[in-house]
Amino acid sequence: MFEQSFSVVSILLLCSSLCISAVNGEFYSSADKMMELENLEKELVIATRNFLTDQEKQLDEYRSFVARVKREHEVAEQQGDDYWELPLNTFRLTRRLVEDWEKLHAQLEDNPITNTYQVVVDFVAKELGFPELDDLRGIARGFVRLQKTYNISASDFAAGTEFSTGTFFLWRDCYEIGVHLYDQADYKAALEWLILAYDMLEEADIEEVKKFNLDVLEYLALTYIELGEKQMAVDILADAVPEDSSLPALHTLKYLEKRTEKCPDQEEEMDWRANYTILCQGKHLPRNEPEDKTLRCYRDSKRHPFFRLAPLNVEEAHRNPDIHVYHGVLSDVQIEEIYVAAEDKTKVRSTLHGNRVSDIRVSQQVWLNYDTPIMEWLKRLTGAISGLDMHYDELMQVADYGIGGQYTPHWDYMSSLSGEYELMGNRIATVMYYLSDVEQGGYTVFPQLNVFLQPIKGSMVMWHNQLRSLENDERTFHAGCPVLEGFKRISNIWVHSTRQEFLRPCTLNKNE
Ligand SMILES: *[C@@H]1O[C@H](CO)[C@@H](O)[C@H](O)[C@H]1NC(C)=O
Ligand SMILES: *[C@@H]1O[C@H](CO)[C@@H](O)[C@H](O)[C@H]1NC(C)=O
């Protein structure tokens, strides 16, 4: 009588049309990944809705069964002994007890609807991959990175004042970000978010305050003690926890009172950070020398026959070392073709070094060879603009940066050459194509040269990483600032030094 209307097969079919394979975990560093997560959640909504519908149907069946039994009992009471003189009634009562109730109890114990739901959820999770705790922590770290780079307080960040579309955080969001930062020992940042959570919670309704106040205070106290402010930590909890309480917070208080103070670790400050932060914000550094007024923008149709009809639009961003931006070299259609080529490749998240997640470079990247028409064309274009021999090129790297995605300052040249690089030589030049605009953030900055470049879709930037003498040029130290809003996609082609002897010869000046 209790039919099983839920079919595993139909759900699996439904799902498999949408399921795309996903790299396990590690989602936050690209927009594509977030879309995959959205698909995952859509599947969960469908499965859960089906589960609830079937569950309701089953409960309705139980209800009507119970109502029917009750009606039978009423009839039996009215009719008294006459009722039991009918053999059919005896049969029905016995059947109910032997079969129907038995079945009902068995279903409650081992519910096929719940089981099916579990099967579907497991299947979807296996196909699409669930995010993990590391992803959540990575996002919290990404927030702090943005705050630091763009000088945004937690409260401005939470109020969404920095973003073009109003987003704002609730006290709970702030609390959870604070806890994740605490767990990762970033106590200074954790403190800011926890104080914010506390202030916001105070504005909430009284029931909520009562329920969560101590949780927030407990973490605040723990954070203060890690920052070396023991008295503050003890005071916070002593005020909040009644002496006779059995709350866990009382144990925390006792633990804090006994704990010996430790000095907080001095945060490592990199000497590039000050310059980097200012440039990432799109501001120039104070200049020691007068501004180079000779930098100019011009159209160039002579460099290569390629550009006779469609001259290059060149912007000089820096001279010695030269950093040039070439505007409008890729069309939207061409960029779309590169996207398609990149989609075919499996993405490898670059923050994975073994199993350790590093924050130096947070992006997803793929490597493309030059076999397709668009890539072949791109290689010729790169050769024509750079004037360099493209024989020894590396695969082109396409990298995606999501919110908080960045690449901290580095040099593109290698400090020593081994393997195939012995033949190819070092990365004499970097050619970087911007394959997207970025709503906010994501500038390319050169902290030693006082240069920042805003990514503009279709533009390319090029510089030489080596002097003409093939000595590495340390001034080319550069970075990709974190993406504050939107996403960033770029591609890099590194041109190597072998076979460039006649194209970029040495001069008598060793430093040129
Ligand atoms: C950060 O912003 C605050 C005010 O919002 C300002 O006082 C401070 O100088 C800024 N710091 C930097 C390094 O830009
Ligand atoms: C910061 O920028 C200034 C001005 O351009 C420059 O003189 C200085 O060397 C830079 N510092 C670092 C560490 O790059």
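The values are calculated or read from the model by the stated rules, or taken from the named source; none is laboratory data. Just so it is clear, the structure is predicted and the values come from calculations on it, not from any experiment. Heads up, the Cβs are rebuilt from the backbone with ideal geometry, glycines too, and the neighbour counts pull from every protein chain shown. In case anyone asks, the SASA skips ligands and DNA or RNA and just uses the protein heavy atoms, side chains included. Shrake-Rupley method; radii C 1.70, N 1.55, O 1.52, S 1.80 Å.
From the list 423, 417, pick out the single residue that is open to solvent by 60 Å² or more (accessible area, probe 1.4 Å) and in a helix (DSSP H, G or I). Break it down stepwise before answering.
Working: 417 fails: in a helix (DSSP H, G or I).
423 is the lone residue from the list that is open to solvent by 60 Å² or more (accessible area, probe 1.4 Å) and in a helix (DSSP H, G or I).
May I ask you to say which residue of 219, 182, 187 is in contact with a Gly (Cβ under 8 Å, 6 or more places away or on another chain), closer than 22 Å to residue 134 by Cα and open to solvent by 30 Å² or more (accessible area, probe 1.4 Å)?
Details: 182 fails: in contact with a Gly (Cβ under 8 Å, 6 or more places away or on another chain); 187 fails: in contact with a Gly (Cβ under 8 Å, 6 or more places away or on another chain).
Exactly one of 219, 182, 187 is in contact with a Gly (Cβ under 8 Å, 6 or more places away or on another chain), closer than 22 Å to residue 134 by Cα and open to solvent by 30 Å² or more (accessible area, probe 1.4 Å), namely 219.
Which of the residues belonging to the range 444-472 are among the aromatic types (Phe, Trp, Tyr) and away from ligand 2 (no atom under 11 Å from the Cβ)?
Within the range 444-472, the first condition is being among the aromatic types (Phe, Trp, Tyr), and the residues that meet it are 446, 452, 463.
Correct list: 452, 463.
Can you give me the ranges of the helices (runs of 4 or more DSSP H) entirely in the range 245-358 with at least 3 residues that are charged (D, E, K, R) and either farther than 30 Å from residue 187 by Cα or modelled with pLDDT under 90 (or both)?
On the way: elements: 248-258, 273-280, 332-343.
Of the helices (runs of 4 or more DSSP H) lying wholly inside the range 245-358, those with at least 3 residues that are charged (D, E, K, R) and either farther than 30 Å from residue 187 by Cα or modelled with pLDDT under 90 (or both) span 248-258, 332-343.
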Considering (1) more than 53 Å from the chain's Cα centre (by Cα); (2) open to solvent by 60 Å² or more (accessible area, probe 1.4 Å), say which one residue 67 fails and leave the rest.
-> (2)
One residue from 146, 97, 104 being more than 55 Å from the chain's Cα centre (by Cα) and of a type in the set (A, V, I, L, M) = 97
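Within the range 222-238, take every residue that is assigned to a helix (DSSP H, G or I) and in contact (Cβ under 8 Å) with a residue 40 or more places away in the chain and give me the one that is surrounded by the most Cβ atoms within 10 Å (Cβ to Cβ).
Taking the range 222-238 first, the residues assigned to a helix (DSSP H, G or I) are 222-226, 230-238.
Now restrict to residues that are in contact (Cβ under 8 Å) with a residue 40 or more places away in the chain: 222-223, 226.
On the way: 222: 21, 223: 27, 226: 20.
Going through the qualifying residues, I end up with 223.
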Any hit, the range 142-150, residues being within 29 Å of residue 37 (Cβ to Cβ) and open to solvent by 60 Å² or more (accessible area, probe 1.4 Å) = yes
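Quick check: is even one residue across the range 160-170 open to solvent by less than 70 Å² (accessible area, probe 1.4 Å) and part of a helix (DSSP H, G or I)?
No: the range 160-170 contains no residue that is open to solvent by less than 70 Å² (accessible area, probe 1.4 Å) and part of a helix (DSSP H, G or I).
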Note on the range 190-216: residues open to solvent by 50 Å² or more (accessible area, probe 1.4 Å) and aliphatic (A, V, I, L, M) are 195, 200, 206
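Based on what the data block shows, is residue 386 among the small types (Gly, Ala, Ser), closer than 24 Å to residue 321 by Cα and crowded, with 23+ Cβ neighbours inside 10 Å? Talk me through it step by step, then tell me what you get.
Numbers: among the small types (Gly, Ala, Ser): yes; closer than 24 Å to residue 321 by Cα: yes; crowded, with 23+ Cβ neighbours inside 10 Å: yes.
When the stated conditions are applied, residue 386 passes them.
For residues in the range 269-318 being within 16 Å of ligand 1 (Cβ to nearest atom) and of a type in the set (Phe, Trp, Tyr), which is least open to solvent (accessible area, probe 1.4 Å)? Steps first, please.
We begin by selecting, within the range 269-318, every residue within 16 Å of ligand 1 (Cβ to nearest atom); these are 269-286.
Imposing the further condition that a residue be of a type in the set (Phe, Trp, Tyr) reduces the set to 272, 276.
Numbers: 272: 37, 276: 3 Å².
Ranking the qualifying residues of the range 269-318, first place goes to 276.
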Just wondering, is there one or more residues in the range 467-489 that are at positive phi and either at pLDDT 90 or above or crowded, with 24+ Cβ neighbours inside 10 Å (or both)?
-> no
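Just the residues that are in a strand (DSSP E or B) and within 16 Å of ligand 2 (Cβ to nearest atom), please, taken from the range 473-489.
In the first step, residues of the range 473-489 are kept if they are in a strand (DSSP E or B); the result is 478-480, 483-485, 488-489.
Of everything in the range 473-489, those that are in a strand (DSSP E or B) and within 16 Å of ligand 2 (Cβ to nearest atom) turn out to be 478, 479.
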Yes or no: residue 433 at pLDDT 95 or above, crowded, with 19+ Cβ neighbours inside 10 Å and within 27 Å of residue 295 (Cβ to Cβ)?
-> yes
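Of the residues 480, 486, 405, 441, only one is within 16 Å of ligand 1 (Cβ to nearest atom), out of contact with any helix residue (DSSP H, G or I) (no Cβ under 6 Å at 6 or more places or on another chain) and within 30 Å of residue 141 (Cα to Cα); which?
Values: 480 fails: within 16 Å of ligand 1 (Cβ to nearest atom); 486 fails: within 16 Å of ligand 1 (Cβ to nearest atom); 405 fails: within 16 Å of ligand 1 (Cβ to nearest atom).
Residue meeting the stated conditions: 441.
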Determine if the range 66-89 includes at least one residue that is modelled with pLDDT of 90 or more and among the aromatic types (Phe, Trp, Tyr).
-> no
Would you please name the residue that is nearest to residue 179 (Cα to Cα), looking only at residues in the range 128-141 that are surrounded by fewer than 18 Cβ atoms within 10 Å (Cβ to Cβ) and over 11 Å from the mean Cα position of the chain (by Cα)?
-> 133
Residue check for residue 204: farther than 17 Å from residue 236 by Cα, in a loop (DSSP other than H, G, I, E, B) and among the aliphatic types (A, V, I, L, M) = yes
